[in-house]
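Trainee: Encoded as C-alpha cells, here's the structure I'll be asking about.
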Amino acid sequence: MERKWWHGKTAYQIYPKSFMDSNGDGIGDLPGVISKLDYLRELGADIVWLSPIYCSPLADQGYDISDYFAIDPRFGTMEDLDRLIAEAKARGIGVVMDLVVNHCSDEHEWFKKACADPDGRYGQFFYIRDWHEGEPLPCNWRSYFGGSVWDKLPGHEDKIYLHLFHKKQPDLNWENPDLRREIYRMINWWLDKGLAGFRIDAIINIKKLLPFRDFPADRADGMCSISRMLEEAKGVGDLLHEMAEETFYRYDAFTAGEVFNDKPEELPRFIGDTGCFSTMFDFSGHLLNHSERGWYDQAPVTLDQWKHAVFGSQRRTAEVGFLSNILENHDEPRGVSYYLPPEGRCEAGKKLLGGLSFMLRGLPFLYQGQELGMENVRHRDISEIDDISSRDQYKVALEAGLSPAEALAVVDRFSRDNARTPFQWDDSPNAGFTAGTPWLPANPNYRTLNLAEQRRRPDSVWRFYRALIELRRDPVWAETVVYGRLEPWLEERDGLMAYFRRGDRTLLVLGNLRGETQACPLPGKIRQTLLDNLSGFSVENGAALLAPWQFVILEMED
Ligand code: TEU
Ligand code: CA
C-alpha cells in the first residue's frame, strides 16, 4: 500500500452551528471556530472537517446548498473562511469542507431556472418528468426523510422532480456532462483556496437506476427503501473516478467518502491506491440491527456486536486501504449513549470505547464533544426536536402503533439532535457556547460535563483522548499505531475485545466489555503498559485480571 501524507493524522469533525458562537445570535460561526483553533491544536487534531457552511435555507441544516460559492451570513463571511484556512494552516491543521453534490437546494439558481424553463439547459440538471394527477409515479421509492421521492415541480401542474432526501433537496442529474463540468469547476475553485480536501456527502446516491422503476413495497405506505435501487444501480465508480481525475488528484487532496450501500467488489476502486477517495467512513457499527421499518424496530446494539462489525471491516480493508473509524457524527446519537450499556456509561466505559475505536487500523475521526464523552439528551416533547429525520421517524413509530411516549423514547435513542447540541465548553450559562439563546438547547448535564472541568482533572475523558492522539503521533509508536497489522486476539470470546497491532513493535489492546472483572489470557510477556483507563491490573497464571470496563494498551515482547 502506498503511503499518503494523511495516514498518520487524527481528524476531527466540527458541526459549525453548534461549536462556538462569537456574536451572541445563538448560532455557532466561523469566527467562533477560529477562536478555538488553539484548542484544536492542543487536542491534537490535524484535519478538521467542517459540516456545511455554504448559503442555505437550512432545511436540512446546510445540506441543502443554495450557493456553492458563498458562505451563509449566519456562519460568517468568505474573509472569515480564508482567515480560518490560513490560521489553521499556521497551526499545522488542514481544513476539509463538506461536498454536497448529490443534490442542491430548491433555492439554488439552477433549480429556479429549471422551474422557469424545464426544457432548457437547467432542466437537464435535475430529474424532471411529465406527470398527470392520477397516473402512477415513475417509481415508488421512499425518500430518506419520508414520503415519495417525487414532488410537483413548483409552478407546474404536470411536472414532477426527484428528491431522494427532503423536497427542498432536488437531486442533480449526474448523467449530464454539463452538470458534471459545473461541479468539477466548483470543486477546483475551492481547492485553489487551499482546502486540504472534502468529506463527500451521500455520494453513492448520485447514480440512479434508470429507467426508474418500482420495487416491492417494504412498508404499508406502498413504497420501498432507496437501498433497493442502490443495490441494482451500476456504474457509480465511473462517475467517481472522473470526478477524482478532474479535481482531487490534481491537488493531492484528502477525501473521505460518506459511503453506504457499497458493493464488496467496489472497495479497491473506492479506497485502494488509485481509489476515487482517500478513505471512507466505517459505518458498520451504525448499520447494526438496522430495520427498513424504521428506528422503532431497531434493537439496542451490544458491544460484542460492535466488536464483530468493526473486526469485519478491518478484515475487508486490511489489504486495500484505510477506513475512517468513527463512533459518532452529526447524523448519529452520541457513541457513548448508543454503544455502551447503561451500567457502562461511566468515564471508564467512555475511555474504553474511545480507545478501542481509536487504536483500530485506519484514520481516527473524532466528532466534536466526543473527546469529553458528551451524551444523548432527553426530550419532553417532540416539539423540542429540530431534526427532520427524527420528526419523520416519530410519525413512523406512531403509525406502527407506539404511544407518543414510546415514540419519543425511540427518537431520543437515535435522534440526530443528540449530536447537534452545543459543545460543552464550561459550566457558565449555555455551556459557554453562546452569550445569547442557543438555536438548540445545551444538554443540561453541561454543568458537570464540560471541557473546563475535564481540563482540570488528570483522569478525565478528555485527557485520555489527548493521550491516545499523542501516542499516534509519537515517533516511537507511530509506525505501529498507524500501519501495524491488526490481528484479533480471542475473537470469539464474548465480553472481551482484544487485538494486536503488529508493526516495528507489538502492541496488544485489551478491553473488558463487561461490568465484572475478567481474566484475559496473555499471549506472551508484557514489556510495558502504554495506556490504562484505570489504575493497573495484576497478572495471575499468565492472565491479566481486567477490572470492569478496563482498557489497556500493552507493549508485548516480540
Ligand atoms: O447523510 C446521508 C444519509 O444517508 C442519511 O440518510 C443518513 O443516514 C441520515 O441522516 C440518518 O438519519 C448525509 C448527511 O450526513 C446528512 O446530514 C444529510 O441530511 C444528508 O446527507 C443529505 O444531504
Ligand atoms: Ca453566531
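The values are calculated or read from the model by the stated rules, or taken from the named source; none is laboratory data. Given the structure is predicted, the values throughout are model-derived calculations rather than measurements. Every residue, glycine among them, receives a Cβ derived from its backbone with ideal geometry; neighbour counts consider all protein chains shown.
Trainee: Out of 180, 129, report the one residue that is in contact (Cβ under 8 Å) with a residue 24 or more places away in the chain, crowded, with 18+ Cβ neighbours inside 10 Å and of a type in the set (D, E, K, R).
Mentor: Exactly one of 180, 129 is in contact (Cβ under 8 Å) with a residue 24 or more places away in the chain, crowded, with 18+ Cβ neighbours inside 10 Å and of a type in the set (D, E, K, R), namely 180.
Trainee: Hey, does segment 491-501 have a residue that's of a type outside the set (Ser, Thr, Tyr), more than 25 Å from the chain's Cα centre (by Cα) and under 22 Å from residue 42 (Cβ atoms)?
Mentor: No, there is no match, as no residue in segment 491-501 is of a type outside the set (Ser, Thr, Tyr), more than 25 Å from the chain's Cα centre (by Cα) and under 22 Å from residue 42 (Cβ atoms).
Matching residues to (1) in contact (Cβ under 8 Å) with a residue 24 or more places away in the chain; (2) closer than 30 Å to residue 22 by Cβ; (3) not aromatic (Phe, Trp, Tyr):
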| site | (1), (2), (3) |
| --- | --- |
| 365 | yes, yes, no |
| 382 | yes, no, yes |
| 407 | yes, no, yes |
| 420 | yes, yes, yes |
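Trainee: Here are 334, 378, 391: which of them is within 14 Å of ligand 1 (Cβ to nearest atom) and either outside the structural domain of residue 424 (by TED's automatic domain parsing) or under 17 Å from residue 416 (Cβ atoms) (or both)?
Mentor: On the way: 334 fails: within 14 Å of ligand 1 (Cβ to nearest atom); 378 fails: within 14 Å of ligand 1 (Cβ to nearest atom).
Only one candidate passes the filter, namely 391.
Trainee: For segment 508-519, check the following and say yes or no: at least one residue is assigned to a helix (DSSP H, G or I), surrounded by fewer than 17 Cβ atoms within 10 Å (Cβ to Cβ) and in contact (Cβ under 8 Å) with a residue 60 or more places away in the chain. Even if it seems obvious, please write down each step before you answer.
Mentor: If we filter segment 508-519 for residues that are assigned to a helix (DSSP H, G or I), which is where we start, we get none.
Checking segment 508-519: not a single residue is assigned to a helix (DSSP H, G or I), surrounded by fewer than 17 Cβ atoms within 10 Å (Cβ to Cβ) and in contact (Cβ under 8 Å) with a residue 60 or more places away in the chain.
Trainee: While we're on this one: Could you check segment 93-138 and list, in sequence order, the residues that are in a strand (DSSP E or B) and within 25 Å of residue 61 (Cβ to Cβ)?
Mentor: Here is the first cut: in segment 93-138, the ones in a strand (DSSP E or B) are 94-99, 103, 126, 128-130.
Result: 94, 95, 96, 97, 98, 99, 103, 126.
Trainee: Let me confirm something: among 206, 187, which residue is surrounded by 21 or more Cβ atoms within 10 Å (Cβ to Cβ) and within 16 Å of ligand 1 (Cβ to nearest atom)?
Mentor: Values: 187 fails: within 16 Å of ligand 1 (Cβ to nearest atom).
Step by step, each of 206, 187 is checked, and only 206 is surrounded by 21 or more Cβ atoms within 10 Å (Cβ to Cβ) and within 16 Å of ligand 1 (Cβ to nearest atom).
Trainee: Could you say which residue among 62, 44, 92 is surrounded by fewer than 15 Cβ atoms within 10 Å (Cβ to Cβ) and touching a helix residue (DSSP H, G or I) at 6+ places or on another chain (Cβ under 8 Å)?
Mentor: Values: 62 fails: surrounded by fewer than 15 Cβ atoms within 10 Å (Cβ to Cβ); 44 fails: surrounded by fewer than 15 Cβ atoms within 10 Å (Cβ to Cβ).
Residue meeting the stated conditions: 92.
Trainee: Can I ask one more? Would you mind finding the one in 62, 28, 92, 44 that is in contact with an Asp or Glu (Cβ under 6 Å, 6 or more places away or on another chain) and either in the same structural domain as residue 257 (by TED's automatic domain parsing) or within 16 Å of ligand 1 (Cβ to nearest atom) (or both)?
Mentor: 28
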